Every structure is written in structure tokens, then in C-alpha cells.
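Report on one structure; see the data block that follows.
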Amino acid sequence: MGALTRAFNWAATSIGKPESWTQSHLTSVNMMLTSRFPMLVFWGPDLITFYNDAFRPSLGNDGKHPGSLGQPGHISWAESWPVIGPMINNIMNGGEAVWFEDQKLPLYRDGKMGYAYWTYSFSPLLDDDGQVGGVLVTCNETTKSVESTARLAESENRFQNLVREATIGIVVLEGEAWHISIANEAFAKLIGRSTQDIMGKNLFELLPEARSEFEPIMQSVYRDGKSIQNNNAAYTVQDKNGQTIEGYVNVLYQPFREEDGTITGIIEIIQDVTDKVKAELQVVSMYENEKSLHREIAESEERFRNMAESTDVLIAVSNEKAESVYFNKAWERFTGRSQQDLLGFGWTDMIHPEDRERFVDYYMESFKKQEPFANEFRLKNNDGNYRWQRVLGPPRFRPDGSFAGYISSCFDITEQKQDELRKNDFIAMVSHELKTPLTSISGFLQLLEMDAKKNNYGFSTAMTAKARRQVGKMITMINGFLNVSRLEAGKLDIHKTRFDMADLLQEIQADADSLYPGRKLVFDPVEHTIVEADWHKIENVISNFLSNAVKYAPNGSIQIACVQKDNLVEVSVADAGIGIRKEDLGKIFDRYYRIEQGLSDNGVSGFGIGLYLCAEIIQRHNGKIWAESEPGEGAVFYFTLPRGTDLTPGPSPTKRGVSPE
Ligand code: ADP
């Protein structure tokens with residue numbers, strides 16, 4: 001600029017050639033030209049423009065340089081003169097120096113109009129005569145720094161907005177006191193507060209309960225300057241009302257650096273993953289539960305197996321299709337067969353041929369009913385001998401309630417059976433021995449009665465008749481015992497003939513008056529029905545029903561009916577007696593079962609074998625037997641038999657009196 005200034009044709013300007021310039025003018029221009037600080041000088045009444053090398057870059061490439069040199073200020077700086085002109089003129093007129101910072105002024109440079117920011121001062125330059133001869137402009141273009149500051153502010157603003165709007169929690173914590181300088185709503189919400197509640201506070205003064213969990217990580221990021229991502233971190237904090245908030249977060253901890261790289265805090269970016277983690281935990285806990293359930297099942301199976309393997313009781317497990325799927329060692333030891341041979345239905349080979357069909361039928365029936373079963377059969381052992389087994393089978397159900405089959409255990413009851421057999425033999429023998437004298441007594445009584453009648457001995461006639469009835473009862477009882485022992489010995493034979501049930505009932509009716517004098521028996525309706533059955537055994541059953549009705553219904557009439565129902569005949573005996581409780585109804589057909597209701601006080605005798613025999617007889621006829629009753633309302637005993645296929649009665653129904661008993 002020194003060279004340009006020297007070469008300039010000053011003579012053409014209002015300040016004239018340099019030779020004519022005052023000393024002050026020259027000194028001012030020199031000082032300005034040699035300064036390394038951007039400066040301009042406006043000199044003389046026209047404010048002729050001088051500027052130095054340091055100022056030169058602010059004029060750009062295609063604009064005021066070099067054209068503005070030597071020009072009057074209002075021409076060289078025409079675009080900004082409206083602002084600076086008055087201030088410069090004021091100084092020329094003796095006004096004070098002025099100073100401005102980052103002032104925006106219009107500027108033509110680089111071939112276009114724009115703006116520039118300046119920090120500048122205008123100060124007076126005195127001439128030799130002590131008057132103000134010009135104005136020194138010391139200036140610094142601050143456009144770049146102002147613009148970058150503006151950009152910074154804008155980016156910070158944008159950052160703040162971004163933070164505020166983000167659905168992810170963001171918090172900037174300054175210093176190791178963790179002073180919250182920036183935080184968004186999402187973060188505030190995570191800790192049960194609003195941004196106003198937390199701005200400017202120290203994090204752990206708000207949340208002392210979270211310090212031990214989170215501060216060590218924050219300190220490490222702050223000190224080492226390395227980001228840390230911490231996923232699925234559990235947190236528990238108290239909200240502003242002291243309510244507990246529990247959840248899970250993914251946290252990214254980043255160092256917060258100043259421009260020079262120093263770390264002054266940390267930024268935490270926090271994602272609430274509570275729902276996700278809870279869902280995952282639920283899945284995990286379901287899985288764990290299932291695992292522990294499996295473990296428990298495995299343990300319980302192990303226990304079961306240990307127990308099953310170490311006992312002498314025969315234990316087997318079957319599935320819902322009645323196939324046996326497990327036999328314990330005791331089964332293998334007892335039968336001498338391998339598990340493989342027994343599986344499925346292999347075990348049925350080992351049952352005594354006489355018991356096999358009966359038991360297998362019963363067993364298969366149980367799978368339909370899914371009820372506990374209990375039965376007895378003979379099972380062939382290792383030595384080829386049959387041993388009596390009592391089998392009990394509770395049904396198995398899966399956790400969902402579905403039927404899974406049975407688990408059965410068999411106990412050897414051979415000794416017990418033998419004892420029973422001996423007892424039965426004894427009873428049979430005693431009964432048999434008693435029967436002959438009793439039959440004789442009955443015959444003698446009959447003769448005595450006839451004789452008494454003939455001689456008109458009224459008292460003797462009555463007494464012998466009574467005695468004969470009592471003996472008759474004894475004979476019935478003894479027959480009962482004999483039948484039981486025959487039954488138990490498997491010797492209760494059924495001799496079927498074809499007859500009309502009405503004929504049988506007629507015969508019973510004929511005897512009834514003498515057997516049950518004074519009782520009203522109503523035989524109605526009695527339908528003609530052909531059956532194929534054992535006349536005497538069925539007669540026994542009906543007589544049993546009748547004698548029970550007489551025994552347990554001291555008053556009222558007794559109704560006997562015989563009706564056809566589809567392909568069945570149904571015989572019933574109804575009384576108006578004491579009735580039977582529900583819980584006893586199913587048991588009265590069991591052997592020796594008697595209802596304890598102080599009946600012995602009423603002199604009602606019996607051994608509880610009558611109905612047991614009836615049930616066995618009906619069962620052997622493929623019929624059904626049952627009773628219906630309410631306590632105090634009387635009882636009705638029923639049995640059904642299949643009707644005969646041939647509808648004409650047989651040639652000679654066996655009548656009573658020809659009974660083998
Ligand atoms: P019992 O010889 O004891 O009569 P049963 O086998 O004939 O033996 O009957 C079994 C039990 O059933 C009886 O003890 C009695 O309690 C009950 N019972 C039988 N018939 C009747 C009935 N008609 N009314 C009330 N209870 C009856």
C-alpha cells in the first residue's frame with residue numbers, strides 16, 4: 001500500500017500533492033501505513049481515503065481495492081456512509097472518538113453487495129494547527145467470528161431443540177458434581193419430574209438413591225474420556241412425591257468435550273426399555289418355571305422309579321389307550337418275564353385262564369369310566385404257580401386334567417384267599433351238616449302240625465306252624481351260606497331254561513300268604529315275558545327282595561311288578577319302609593354288608609349275604625341289579641334280565657321244590 005500511495009496521483013485530489021501535505025498529515029499516513037493493524041485514514045474536508053496492507057484483505061478482490069484509495073469517503077464507502085458518515089463528520093467537527101463492536105455494515109466486495117461485521121473505532125487526527133485534520137479508523141473485520149458465533153449459537157439452539165424434542169432421554173451433566181445443564185422432558189419423565197424441577201440441580205442431590213448404581217460409570221467416562229454403553233440397566237428412583245419408579249434403561253454415556261478437547265461433563269442418552277425387558281424377563285421366567293417344572297417332574301419320576309424298583313409290590317403304569325408302558329422289577333421277578341414281554345398287553349398271558357376274560361373286561365371297562373379300579377385275579381409266577389393278587393388302580397390325570405391311564409399295584413393275597421377258602425369250607429360244611437337235621441325237623445314239624453290239626457289241638461296247631469316258619473327261615477339262611485361258599489368256590493352253577501316270568505311270580509304269590517301272613521302283597525302289573533334264566537336262582541333273588549321288604553318295612557303294602565322294557569324284563573319290589581341312605585345304596589350288594597342303624601334292636605336279623613348273592617346271580621345272567629331309595633321313604637329293588645329270543649315258554653319250567661338246594 002506504501003508503493004500504491006506513493007504512486008497515486010494526489011494532485012488530482014482535493015488534498016493535492018504530498019509535498020503540500022502538512023507534517024501531521026504525513027505522520028498520520030505513515031503511521032497508518034506501517035501499522036500491522038487494519039487502519040484507514042480519512043483526511044481533509046473531503047475525507048480522502050487512505051488504507052494499509054492490514055486492511056487490504058477486507059476489501060476483497062473485485063471492489064474497493066485499489067479504487068477506493070484517494071477517493072472521498074462518501075464515494076469510497078458509499079454503501080455504508082449513511083451509518084458511518086455522520087459519525088466521521090461529527091469527529092471532524094470536534095466530536096469524541098467512538099468505538100463499536102461487531103457492527104454490521106453493508107459492503108461491496110468481490111463483485112457483489114453484502115454485509116460485513118466490524119469492530120472499529122473512529123478517532124480524530126490533529127493537524128499541525130491543532131485542528132482536526134482527519135479521522136483515523138482502526139478496525140477489525142469480525143464477520144467470520146460473528147458468523148461462526150452465530151452458527152454456533154444456531155447449532156446450539158438446534159441441539160437444544162433436538163434434545164428437548166427427543167423421545168429418548170438426554171441429559172448433559174457438568175463437572176463431577178453432575179450439574180444438570182441440559183435435560184429434556186423424556187429424561188425428566190424417567191425420574192418422575194419435569195425439566196423445570198431438575199434444571200440447574202445436581203443429579204444425585206435429586207436422586208441420592210441412584211448414586212451408587214450410576215456414579216462409578218459416569219466417573220469412569222469423565223476421567224477416561226471413553227464412551228460406555230450400558231444396556232438393560234435396572235434403576236429404582238423416587239419421584240418427586242416419593243413414589244418409587246422402577247424400570248430398565250439403555251444408557252449411552254459420552255464425555256462432553258469443549259472445543260479444546262477438555263472434558264467438562266458427560267452426556268447421557270437414555271432409552272426406556274422397561275416394557276421390552278419386562279417382556280423378556282417374563283419369557284425368561286416362564287422358561288425358568290418350565291425348566292424347574294421339568295426338573296421337578298424328572299425328580300418325581302426318579303423318586304417314583306426308585307420307589308417302584310425297590311418294592312415287592314407289583315407296580316405297573318398304563319397309558320390312556322390301556323397299553324401298559326411300565327412294569328417294575330417286582331413284576332419281572334414275579335413273572336420271570338422281561339419288561340419287553342409284559343409291555344402292551346403281554347401281561348394278560350400271565351393271568352389264570354379262568355380269571356382272564358373277567359378281569360380284562362373289567363380292566364377295559366375302567367378305562368371308559370376313568371374311575372379307580374379294584375379287583376382280584378390269579379397271576380402265574382416264575383415257578384408256574386398261580387398266586388392270588390389284589391390289584392388297585394387309581395387313575396392318572398395330567399396337569400391339564402386329561403386322563404393319562406392308570407398306575408396299578410398288585411398285592412399277593414394268596415394266604416388270605418386260602419384262609420377264606422378254609423373259612424368257606426368250614427361254613428359250607430357246617431351249613432351242610434345243619435341242613436339235614438333241619439330238613440328232618442321241618443318234616444317232623446309238618447307231620448306234628450297235620451296231626452294237631454286232625455285232633456283239633458288249636459294251640460298245638462298254631463305253635464307247630466310257627467315253629468315250622470322259624471325252621472323255614474333257618475333253612476333259607478343256611479342255603480344262603482351254602483350258596484356263598486359255592487359262589488366263592490366258583491361252584492355256583494346256572495341252569496338256564498326258558499320260562500315266563502309271570503309264571504314264576506305267580507308261584508311266589510301263591511306261597512307268599514303262608515310265608516308272610518298278614519302282609520299285603522300287590523303283584524301288579526305282571527306282564528308275560530319269556531326269559532332264558534335259572535328259575536330257582538331268579539326265584540331266590542325275588543324272594544330275597546321280598547323278605548327284605550317285609551323285614552325293613554314293618555308296615556304298608558309291598559308292590560311287586562314285572563314289565564317289559566325294550567329287550568329287557570324289569571322286575572321290581574317296592575316297600576314303604578325305612579329306606580336306605582345314598583352312601584349305603586352302592587354297598588348293600590357287597591358281601592356281608594349290613595347297614596348299621598340299630599336294626600338289631602328291632603330284632604331284624606341277617607348276615608348281609610342276601611343281596612350279595614342276588615347281585616352275583618343277576619350278573620351271571622348278564623342282567624343289572626340296583627336299588628332306589630330315600631331314607632324314610634321306602635325302597636325299590638330292581639333287576640333286569642335280557643328277554644329270551646324265542647318267545648314261547650320251554651316245555652317244563654322247573655318248579656320250586658325241585659331245587660337242588
Ligand atoms: P341282610 O341279611 O342283612 O338283610 P342283605 O344283603 O339282604 O342282608 O341286605 C343288606 C342290607 O341292605 C341290609 O342289612 C339292610 O340294611 C339293607 N336293605 C336290604 N333291603 C332293604 C329294604 N327293603 N329296605 C331298607 N334296607 C334294606
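Of note:
- Rg/Rg_globular for segment 202-249, with Rg_globular taken as 2.2 N^0.38 Å and Rg from C-alpha atoms: 1.26
- In summary, the lysines within cross-link reach of Lys537, defined as a Cα separation below 18 angstrom excluding same-chain residues under 8 places away, comprise Lys473, Lys491, Lys496, Lys624, Lys655.
- When the square roots of the Cα gyration tensor eigenvalues are ordered a ≥ b ≥ c, the ratio a/c for segment 286-354 is 1.5 or more and a/b exceeds b/c, which makes its shape prolate.
- Ratio Rg/Rh [Cα only; Rh per Kirkwood] for segment 397-508: 1.27
- Sorting the segments 537-543, 117-123 by their residues' average number of neighbouring beta-carbon atoms within 10 angstrom, most packed first, yields 537-543, 117-123.
- The ellipsoid equivalent to the alpha-carbon distribution of segment 252-378 has semi-axes of 66, 17, 10 angstrom, derived from the gyration tensor eigenvalues as √(5λ) and listed largest first.
- Average 1/r across all pairs of distinct alpha carbons in segment 235-288, invert it, and you get the Kirkwood radius: 13.9 Å.
- Segment 1-76: C-alpha gyration tensor shape, a/c 1.5 cut-off, then a/b vs b/c: oblate
- Using alpha-carbon coordinates, inclination of helix 414-454 to the longest axis of the chain, degrees: 40
- Debye intensity ratio in log₁₀ form over the Cα atoms of segment 380-439, taken at each q of 0.22 Å⁻¹: -0.90
- Highest average first, the peptides 62-69, 432-439, 338-345, 186-193 ordered by how many other beta carbon atoms sit within 10 Å of their residues are 186-193, 62-69, 338-345, 432-439.
- Whole-Hz couplings from phi, Karplus 6.51/-1.76/1.60, listed for segment 108-120; x for Gly and Pro: 9, 7, 6, x, 8, 7, x, 10, 9, 9, 9, 10, 8
- The alpha carbons of segment 516-564 occupy a box of 34, 21, 15 Å along the principal axes, longest dimension given first.
- The chain: relative contact order in percent, alpha carbon pairs under 8 Å with at least 6 residues between: 6
- Segment 432-450 and segment 150-221 have Cα centres spaced 116 Å apart.
- Segment 260-388 - percent relative contact order, Cα under 8 Å, separation 6 or more: 15
- Averaging the sequence gap over all C-alpha pairs within less than 8 Å and six or more residues apart, then dividing by the number of residues, gives segment 472-536 a relative contact order of 45 percent.
- Part-to-part distance (alpha-carbon centres) for segment 344-387 and segment 515-536, which is given in Å: 38
- When the GluC sites (Glu not before Pro) in segment 1-107 are filtered for DSSP coil states and for at most 10 other beta-carbon atoms within 10 Å of their beta-carbon, the remaining sites are Glu96.
- Calculated [θ] (222 nm, deg cm²/dmol) that DSSP helices of n ≥ 4 give over the chain, each run adding -39,500 (n - 2.57): -13000 deg cm²/dmol
- In segment 39-92, inverting the average of 1/r over every pair of distinct C-alpha atoms gives 11.3 Å as the Kirkwood radius.
- Cα gyration tensor shape for segment 350-408, rounded if a/c is under 1.5, else prolate or oblate: prolate
- At q = 0.17 Å⁻¹, base-10 log of I(q)/I(0) for segment 160-302 (Debye sum, equal scatterers on each alpha carbon): -0.92
- Nearest-ten-degree value, helix 211-224 long axis tilted from longest Cα axis of the chain: 40
- Cα long-axis angle, helix 274-309 against the chain (0 to 90 degrees, to the nearest 10): 30
- Centroid-to-centroid, using Cα positions, segment 226-293 and segment 572-590 are 74 Å apart.
- In whole percents, the pair-distance distribution calculated for segment 1-147 from its alpha-carbon pairs, binned every 5 Å from zero, is 2, 10, 20, 26, 22, 14, 6, 2, 0.
- 21 Å Cα-Cα threshold exceeded, pairs from Lys466/Lys520; Lys329/Lys380; Lys189/Lys240; Lys291/Lys321; Lys453/Lys551; Lys565/Lys587: Lys291/Lys321; Lys453/Lys551; Lys565/Lys587
- Alpha-carbon Rg with Dmax, taken over segment 309-457, Å: 24.5, 83
- Candidate aspartates and glutamates - alpha carbon under 16 Å from Lys582, same-chain residues fewer than 8 apart omitted: Asp590, Glu596, Glu628, Glu630, Glu633
- Computed over the chain, the range of Cα coordinates on each principal axis works out to 199, 59, 50 Å, biggest value leading.
- Once backbone amide H atoms are built at 1.01 Å from N, Val569 has Leu641, Arg643 as its partners under 5 Å, excluding neighbours fewer than 5 places away on the same chain.
- Nearby aspartates and glutamates by direct alpha-carbon distance to Lys64 (threshold 12 angstrom, same-chain neighbours under 8 apart not counted): Glu79, Asp110
- Over segment 449-557, the alpha carbon radius of gyration divided by the compact-protein estimate 2.2 N^0.38 Å works out to 1.29.
Each reported figure results from applying straightforward, stated rules to the coordinates on display, with no laboratory input. Model, not experiment: these values are computed from the prediction. Every residue, glycine as well, gets a Cβ built from its backbone with ideal geometry; the counts of neighbours run over all protein chains shown.
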